[in-house]
Amino acid sequence: MINLGIIGLGKWSNVLTKASQKSSEIKIISAYSRSKETRDKYTSQYNIPSVSSVDDLLRNQDVKGIILTVPNELHFEYAKLCGEYGKHIYIEKPITNNLSEAFELKTICDKLGVKVFVGHVAKLLTGIQIMHKEILNGKLGDICLIEGNFSNERALSLTPENWRWHQLKAPGGSLSQIAIHQLDVFRFLGGEISDVSALSSKKSPVGAEVEDQWVINILFKNGSLGSLVSSWTSPGIFEVRVIGTKGLMHYKMDQTKWGDPELIHENASLIFQKIGSSFNEAVKYDLKPENMYRTELELFVQMIKGVNQEFFDARYGIEILSLVEACRASAQNKSIRINLNSFLSKIREKNDIT
């Protein structure tokens, strides 16, 4: 069993703490929040000791890794501090709030021998995992098109007191907060992405700084296409459709169950429709119970033990964040098509990264 600490005791810490308590490989032994009230509430609820200083937590030699569930703009600050104390790091997506910070964090952690795990959890959904296996075994034939939608109503209730209201804290709004999950899923199912272009707009009546509507076009390196939609003024939606020369697969789930992993399989569906058959003849898959959050934390533990996690490490986190920033750059420049390799090269040059 690996002992972990947790920094940031807001809503998402509850999801990950509950997941950790269902695993025999993980034990959270110390917690920190700047708020004493929040610390006391967390300790009372989970019987996990909390400390009043982040340095006290990081000085604890029994803690081998840290779960960070702080707001995005604090990812770099706290991850860098964890790295300097020699603690391996789990970061909720995105790896940092911008690519410059991400490159700097990777450089620091590489030098210190600290592992970074980025919580791109959506690809661990049972339906997405089944789709990936069926793609690999050729059931869909050659993949032609991937379509996806991840939307919810977040922008309808934003206020200036919420960090997601602000462009510097939540760049692109729904793009960096939820569409990023689908960018990861598209990358996982379709392979490396070559080019992106994007449109965005603001339709929420609250007047937040961030965009709340996104339409993204994707070109994969293998020639397949992708189309991704994300709205922050919508009932909860999460769905992915993969179309190949032999058929299509369509996965959808009740997005309102996102924080209740044991309920997802009861509120989701996955079908395969063969070429030449009707929708009514589609084959339905039996989706088993899952806890994607426990799985990702156990993968983090395996990373700490030295097992490579190429779809969750800092390099991969930078790749997915670069898609977010390339989409923003496209939307800000009349939806021009942006080549990801060229885009990353310019960022590296700007930050003097070899």
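The values are calculated or read from the model by the stated rules, or taken from the named source; none is laboratory data. Fair warning: this is a prediction, and the values are worked out from it, not measured in the lab. Cβ: placed from backbone, ideal geometry, glycine included. Neighbour counts: every protein chain shown. SASA here: full protein model, heavy atoms, side chains in, ligands and nucleic acids out. Shrake-Rupley method; radii C 1.70, N 1.55, O 1.52, S 1.80 Å.
It is to be established whether one or more residues within region 258-275 are open to solvent by 70 Å² or more (accessible area, probe 1.4 Å) and touching a Cys at 6+ places or on another chain (Cβ under 8 Å).
No, the conditions are met nowhere in region 258-275.
Mind listing whichever residues of region 146-161 are of a type outside the set (D, E, K, R) and part of a helix (DSSP H, G or I)?
The first filter runs over region 146-161 and keeps only residues of a type outside the set (D, E, K, R), leaving 146, 148-152, 155-160.
Correct list: A155, L156.
Do you know which residues across region 258-293 are among the basic types (K, R) and part of a loop (DSSP other than H, G, I, E, B)?
Within region 258-293, K288 is the sole residue that qualifies.
Could you list all residues from region 15-35 that are open to solvent by 40 Å² or more (accessible area, probe 1.4 Å) and closer than 18 Å to P71 by Cβ?
Result: R34, S35.
I'd like the residue in region 247-257 that is open to solvent by less than 60 Å² (accessible area, probe 1.4 Å) and part of a strand (DSSP E or B) and, out of all such residues, is nearest to G172 (Cα to Cα). Break it down stepwise before answering.
Here is the first cut: in region 247-257, the ones open to solvent by less than 60 Å² (accessible area, probe 1.4 Å) are 247-251, 253-255, 257.
Add one more test, that the residue is part of a strand (DSSP E or B), and what stays is 247-251, 253.
Numbers: G247: 34, L248: 31, M249: 29, H250: 27, Y251: 26, M253: 24 Å.
Ranking the candidates gives M253 first.
Can you tell me which residue is surrounded by the fewest Cβ atoms within 10 Å (Cβ to Cβ) among those in region 60-77 that are touching a Lys or Arg at 6+ places or on another chain (Cβ under 8 Å) and modelled with pLDDT of 95 or more? It would help to see each step written out before you state the result.
Filtering region 60-77 down to residues touching a Lys or Arg at 6+ places or on another chain (Cβ under 8 Å) leaves 63-66, 71-73.
Subsequent filtering for residues that are modelled with pLDDT of 95 or more retains 63-66.
Numbers: V63: 21, K64: 17, G65: 23, I66: 28.
Here the answer is K64.
Which of (1) open to solvent by 40 Å² or more (accessible area, probe 1.4 Å); (2) modelled with pLDDT of 95 or more; (3) farther than 24 Å from S201 by Cα is the odd one out, the single condition K288 does not satisfy?
Answer for K288: the failing condition is (2).
Can you name the number of the only condition in (1) open to solvent by 20 Å² or more (accessible area, probe 1.4 Å); (2) touching a residue at least 40 places away in the same chain (Cβ under 8 Å); (3) touching a Leu at 6+ places or on another chain (Cβ under 7 Å); (4) of a type in the set (S, T, Y) that T38 fails?
That leaves (2) as the condition not met.
Is it true that I130 is over 16 Å from D313 (Cα atoms), touching a residue at least 12 places away in the same chain (Cβ under 8 Å) and either open to solvent by 10 Å² or more (accessible area, probe 1.4 Å) or not aromatic (F, W, Y) (or both)?
Values: over 16 Å from D313 (Cα atoms): yes; touching a residue at least 12 places away in the same chain (Cβ under 8 Å): yes; either open to solvent by 10 Å² or more (accessible area, probe 1.4 Å) or not aromatic (F, W, Y) (or both): yes.
Judged against the criteria, I130 is a match.
Would you check if there is a residue in region 68-81 being more than 21 Å from the chain's Cα centre (by Cα) and touching a residue at least 12 places away in the same chain (Cβ under 8 Å)? Please lay out each step first, then the result.
Step one: list which residues in region 68-81 are more than 21 Å from the chain's Cα centre (by Cα), which gives 81.
Imposing the further condition that a residue be touching a residue at least 12 places away in the same chain (Cβ under 8 Å) reduces the set to 81.
Taking every residue of region 68-81 in turn, at least one turns out to be more than 21 Å from the chain's Cα centre (by Cα) and touching a residue at least 12 places away in the same chain (Cβ under 8 Å).
Output the residues belonging to region 82-108 that are of a type outside the set (S, T, N, Q) and open to solvent by 40 Å² or more (accessible area, probe 1.4 Å).
Pass one, region 82-108, residues of a type outside the set (S, T, N, Q): 82-95, 99, 101-106, 108.
Residues satisfying the conditions are E84, Y85, G86, E101, E104, K106.
Listed residues F343, F279; which is on the phi < 0 side of the Ramachandran plot, open to solvent by 30 Å² or more (accessible area, probe 1.4 Å) and in contact with a helix residue (DSSP H, G or I) (Cβ under 9 Å, 6 or more places away or on another chain)? Don't jump to the end; show me each part of the working.
On the way: F279 fails: in contact with a helix residue (DSSP H, G or I) (Cβ under 9 Å, 6 or more places away or on another chain).
Among F343, F279, only F343 is on the phi < 0 side of the Ramachandran plot, open to solvent by 30 Å² or more (accessible area, probe 1.4 Å) and in contact with a helix residue (DSSP H, G or I) (Cβ under 9 Å, 6 or more places away or on another chain).
Filter region 1-14 down to the residues that are surrounded by 15 or more Cβ atoms within 10 Å (Cβ to Cβ) and either in a helix (DSSP H, G or I) or among the aliphatic types (A, V, I, L, M) (or both) and list them by number.
Filtering region 1-14 for residues surrounded by 15 or more Cβ atoms within 10 Å (Cβ to Cβ) gives 2-9, 12-14.
Within region 1-14, I2, L4, I6, I7, L9, W12, S13, N14 meet the criteria.
Give the residue that is surrounded by the fewest Cβ atoms within 10 Å (Cβ to Cβ), with candidates limited to residues of region 192-237 that are within 23 Å of N137 (Cβ to Cβ) and in contact with a Ser or Thr (Cβ under 8 Å, 6 or more places away or on another chain). Walk me through it before giving the result.
First, pick out the residues of region 192-237 that are within 23 Å of N137 (Cβ to Cβ): 192-193, 220-226.
Add one more test, that the residue is in contact with a Ser or Thr (Cβ under 8 Å, 6 or more places away or on another chain), and what stays is 220-221.
Numbers: F220: 20, K221: 13.
That would be K221.
Identify the residue in region 317-347 that is more than 21 Å from the chain's Cα centre (by Cα) and of a type in the set (V, I, T) and, among all such residues, is farthest from N97 (Cα to Cα).
I336
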